[in-house]
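Notes follow the structure.
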Amino acid sequence: ALIVTPLGSAVKAPIERAASQGIPVILCTGQVDTDSYVTCVDRDNTLNGTLMAEWVADQINRRGDIIMLSGIPGVPTAVDRLAAARKVFKKYPDINILSHEYTNWSPTEGKKIMESLLVKFPNVDAIWSDSGIQDIGVIQAYTEAGEQIPPMSSEPLNGFLRLAEENDVPFAAIGYPPYHSERCLQAAIDTLHGEPQPRFINVDAAVFTDQDIGQYFEPQCSDDLWVPSELPTAKLEELKLC
């Protein structure tokens, strides 16, 4: 079996070649324009983008100036979350999108972009962000500028949660669960055992806000840990994540 995370159209031909040789292909996050796969195991990113946008809208009572931050252009995760968010904000004419930027899911680029945006737009009411990775840089930009940090959408990344707790950042964490890859592997094993699979398998994920941070943040663990983890403490320690 072949488990693939497609980041663009270039992977289409290899997937189709594998399928033509009788190799079952499992898409593990992301989509590609082909029917040559058994199932796609993913978190519904249209749902993620929608939940993030509705939470942001609620925080500012559907009125105010916001900034939107996405990861990598063309990657399905970023594309789907952004499209869903724009659809939500279109419902609220009093929400003004000041700028939309791509950060390549980098804390460094997120910080650099936010530093520039803070000069142009010092009074942002909220930030719609598709990732907790770039939000690390966003928080750093605000703290170094000495400005109050606005509410922002994010993901359950321990490093982001650490900064959010230290700086009292209002947030909603909505993203991929760390056991996502295990679900992909299970789908591949089940397929090899002859068990039919649905065309799409949605992976359930924890959705929480700063009000629930104590239930998810692991202060003794690495900033690279995604929560909540299903791995036992001994395994996390072996992996140097705790």
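The values are calculated or read from the model by the stated rules, or taken from the named source; none is laboratory data. Model, not experiment: these values are computed from the prediction. FYI the Cβ positions are ideal-geometry reconstructions off the backbone, even for glycines, and counts take in every protein chain you see. Protein only, heavy atoms only, side chains kept; ligands, DNA and RNA dropped before computing areas. Shrake-Rupley method; radii C 1.70, N 1.55, O 1.52, S 1.80 Å.
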Pull up the stretch 1-33, narrow it to residues that are closer than 25 Å to residue 204 by Cα and of a type in the set (S, T, N, Q), then point me to the one that is most open to solvent (accessible area, probe 1.4 Å). 31
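Residues checked against (1) touching a residue at least 60 places away in the same chain (Cβ under 8 Å); (2) within 24 Å of residue 106 (Cβ to Cβ):
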position: 174; (1), (2): yes, yes
position: 186; (1), (2): no, no
position: 195; (1), (2): no, no
position: 224; (1), (2): yes, yes
position: 231; (1), (2): no, no
position: 239; (1), (2): no, yes
In the stretch 34-78, residue farthest from residue 130 (Cα to Cα) [restricted to those that are open to solvent by 40 Å² or more (accessible area, probe 1.4 Å), in a helix (DSSP H, G or I) and touching a residue at least 12 places away in the same chain (Cβ under 8 Å)]: 59
Which members of the stretch 125-134 meet the condition of being open to solvent by 20 Å² or more (accessible area, probe 1.4 Å) and in a loop (DSSP other than H, G, I, E, B)? 125
Unique match (being out of contact with any helix residue (DSSP H, G or I) (no Cβ under 9 Å at 6 or more places or on another chain), open to solvent by 30 Å² or more (accessible area, probe 1.4 Å), modelled with pLDDT of 95 or more and not basic (Lys, Arg)) among 211, 140: 211
So for the stretch 113-122 (the condition being over 17 Å from the mean Cα position of the chain (by Cα), within 14 Å of residue 66 (Cα to Cα) and surrounded by 22 or more Cβ atoms within 10 Å (Cβ to Cβ)), does at least one residue qualify? yes
